[in-house]
Amino acid sequence: MVQYNFKKMTVVPSGKDFIDIILSRTQRQTPTVVHKGYAISGLRSFYMRKVKYTQQNFHEKLSTIIDEFPRLDDIHPFYGDLLHVLYNKDHYKLALGQINTARNLIGKISKDYVKLLKYGDSLYRCKCLKVAALVGKSSFINKITRADVDVQPYAFTTKSLFVGHTDYKYLRYQVIDTPGILDRPFEDRNIIEMCSITALAHLRAAVLFFLDISGSCGYTIAQQAALFHSIKSLFMNKPLIIVCNKTDLQPLEGISEEDKKLVTEMKAEAMKTVIGQGGEATNDEGVLLTMSTLTEEGVIAVKNAACERLLNQRVELKMKSKKINDCLNLFHVAMPKPRDNKERPPCIPQVVLEAKAKQAAVKEKRNTEKDLENDNGGAGVYSASLKKNYILANDEWKEDVMPEILDGHNVYDFVDPDILHRLAELEREEGYRQADAGDDNFEMEGLELTPEEQKTLAEIRKKKSLLIQQHRIKKSTAESRPTVPRKFDKDREFTTKRMGRQLSKLGLDPTKAINRARSRSVSTRGRKRERSLDRDDTDGGDAMDVDTPNKKQRMLSRSRSRSRSRPPTEVVPGEGFKDSAQKAKALQKANKSNKMRNKNARRGEADRVIPTLKPKHLFSGKRSIGKTQRR
């Protein structure tokens, strides 16, 4: 039998979507523009290509649909009958035949249009769940598998087959939930019920017949038993288990004698499916089980019994096959035999027994807050006490109400009986600290010093004030200090005579300073320029004022209105250079670092302007006739 995977089938789009898919792909994969200068042969090839490409896309898509959908002769009879129930085999074959016809017609139409353009210018181990509607099949499959089957309080919630998987003894079992069946003739059953009949007829599986003994599903036990006997022919050669569900509403022992008799008859029919030695039923264990999907009581037992029955049947069938004889010669199973009739119980040390007894005594269940909540009315009624774990001298004090305000005073202010004693200690400590702080604020007044020490202290203070003044003067540069014009110097405080007297007091010669100040005066600007003595001239006023004979000496002479300039490598105090060589080297490095920046026309280090690399007037517009190598 051919194994077929239905998941490989692609989704078939609607007719309108199918045409949009083909035409959009043709539009994307073929040329779309026709120019006026095309020759007639170019126009023919243009449209012939579009027609052929469209026909090929239609052919590929339709061939994929025809190939992916299975042939009814190649699939399992279960799927074939299920397909017939859901869709009707004849309609299925007609649909595929029409698709094949459409594919051929499209090919013929494309040929005609091209002529016009050219010349006209293995299955899983399964368990099936079968019974009447609304008895708990879907709830059972949700409990033992990861399937999420919809469960509702009305009949026929399950309208198709649902599949789940569960594990038992390291084997994977497939569980199928089928729709419910009603007790009526075969011809009157609808498509939903025929899905279940088809699964029962073709699948080699263990069958669980669910029986609602409470009657809440709307059908009595007699009606469910009649349904069982009407479809029991489908249970032949399959492990059958009768499951009495909803025992939380009605236990099996509480039903009437008539209903018990019906359940016993159903159990007898299920016993016939038990395979024993000689083909007779030898064990009634695992044939009639009870459970409740609401409380989950007995759910795992039903699952284990069904899996065990199905596994035993598969093993028995394999043991009867011819292939097993070739494998049995390779195995040898040794069974131990007793050597005498003496009993040899297991030897457990007394220490171990005592330890187990202690553990059993300790394992008494402790009441948790959740248990107390359930015992005292549940959530919203029970309120957990936060004071029951307080450690007090008397346990009766735990639930006492602790006042916060009493007679207009805060109770916590009077809790400590030694509060006055501690306050006195704090005040005493604060007094000690204030005394220590007063000793630290010692200032030298000079009253206890000798005359020599007082003189030295005065000099130190004077020197300190001078340093502060010098620092303040250095902070304000010469540019920021204003020069007082003469028209505002009405009191004649800033004169050369006063400057001379002050310099003389300091022991300096004021002659050069006075002459330099007078040379910068406005009154001397109209006079003829004269030769001035060089600053480095050691002859002083004895040098003769004569014309220098050569150019070098003329360059060395300075005019009165021009200050002496320094070479760039001369070290000025405060620049941080050791000598002129170090400064020249630093200037050379600075110029070298600015070389690339100047080359790129940067304004500075922070200039991040990106110039236009492709000017628009050179790279836009149509090319004219001629060379374009100069772009």
When restricted to Arg566, Arg631, Arg603, the only residue out of contact with any His (no Cβ under 9 Å at 6 or more places or on another chain), open to solvent by 80 Å² or more (accessible area, probe 1.4 Å) and at pLDDT below 55 is Arg631
Report, by residue number, each residue of region 7-27 that is in contact with a helix residue (DSSP H, G or I) (Cβ under 8 Å, 6 or more places away or on another chain), at pLDDT below 85 and open to solvent by less than 90 Å² (accessible area, probe 1.4 Å).
Met9, Thr10
Yes/no for Ser160 being of a type outside the set (Asp, Glu), part of a loop (DSSP other than H, G, I, E, B) and either under 30 Å from Ile242 (Cα atoms) or modelled with pLDDT of 85 or more (or both)
yes
Selected residue (only one of Asn341, Asn367, Asn325, Asn304 is over 30 Å from Leu208 (Cα atoms) and in a helix (DSSP H, G or I))
Asn325
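Yes/no matrix, rows are residues, columns are (1) modelled with pLDDT under 85; (2) under 55 Å from the mean Cα position of the chain (by Cα); (3) of a type outside the set (Lys, Arg); (4) in the same structural domain as Cys217 (by the TED database):
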| position | (1), (2), (3), (4) |
| --- | --- |
| Val263 | yes, no, yes, yes |
| Ala268 | yes, no, yes, yes |
| Glu280 | yes, no, yes, yes |
| Glu285 | yes, yes, yes, yes |
| Thr295 | yes, yes, yes, yes |
| Ile300 | no, yes, yes, yes |
| Ala305 | no, yes, yes, yes |
| Glu316 | yes, yes, yes, yes |
Being open to solvent by 30 Å² or more (accessible area, probe 1.4 Å), farther than 15 Å from Tyr79 by Cα and not in a helix (DSSP H, G or I) is the filter here, so list the residues in region 191-229 that pass it.
Ser214, Gly215, Ser216, Gly218, Tyr219, Thr220
Within the set of pairs 6 or more residues apart or between chains, which connect a residue that is within 17 Å of Lys93 (Cβ to Cβ) and open to solvent by 40 Å² or more (accessible area, probe 1.4 Å) inside region 57-69 to a residue that is in a loop (DSSP other than H, G, I, E, B) and not hydrophobic (A, V, I, L, M, F, W, C) with Cβ atoms less than 7 Å apart?
Glu68/Thr10
Taking region 342-361, which residues are within 55 Å of the chain's Cα centre (by Cα) and open to solvent by 100 Å² or more (accessible area, probe 1.4 Å)?
Val351, Lys356, Lys358, Gln359
Among the residues of region 412-438, the number that are farther than 29 Å from Met402 by Cβ and acidic (Asp, Glu) is 4
Here the residues within region 415-461 that are among the β-branched types (Val, Ile, Thr) and either surrounded by 10 or more Cβ atoms within 10 Å (Cβ to Cβ) or modelled with pLDDT of 85 or more (or both) are Ile419, Thr450, Thr456, Ile460
Selection count, region 230-260, where residues are within 27 Å of Ala201 (Cα to Cα) and surrounded by 14 or more Cβ atoms within 10 Å (Cβ to Cβ):
13
Residue list for region 28-54, restricted to those being at pLDDT 80 or above and outside any loop (DSSP other than H, G, I, E, B)
Arg28, Gln29, Ser45, Phe46, Tyr47, Met48, Arg49, Lys50, Val51, Lys52, Tyr53, Thr54
Candidate set: region 46-56, residues that are open to solvent by less than 60 Å² (accessible area, probe 1.4 Å) and among the aromatic types (Phe, Trp, Tyr); chosen: the one nearest to Arg25 (Cα to Cα)
Tyr53
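The values are calculated or read from the model by the stated rules, or taken from the named source; none is laboratory data. As the structure is a computational prediction, the values presented were derived from the model and not from experiment. With ideal geometry, Cβ positions are generated from the backbone for all residues, glycine too; neighbour counts draw on all protein chains shown. Accessible surface is based on the protein model in full, side chains and every heavy atom, while ligands, DNA and RNA are left aside. Shrake-Rupley method; radii C 1.70, N 1.55, O 1.52, S 1.80 Å.
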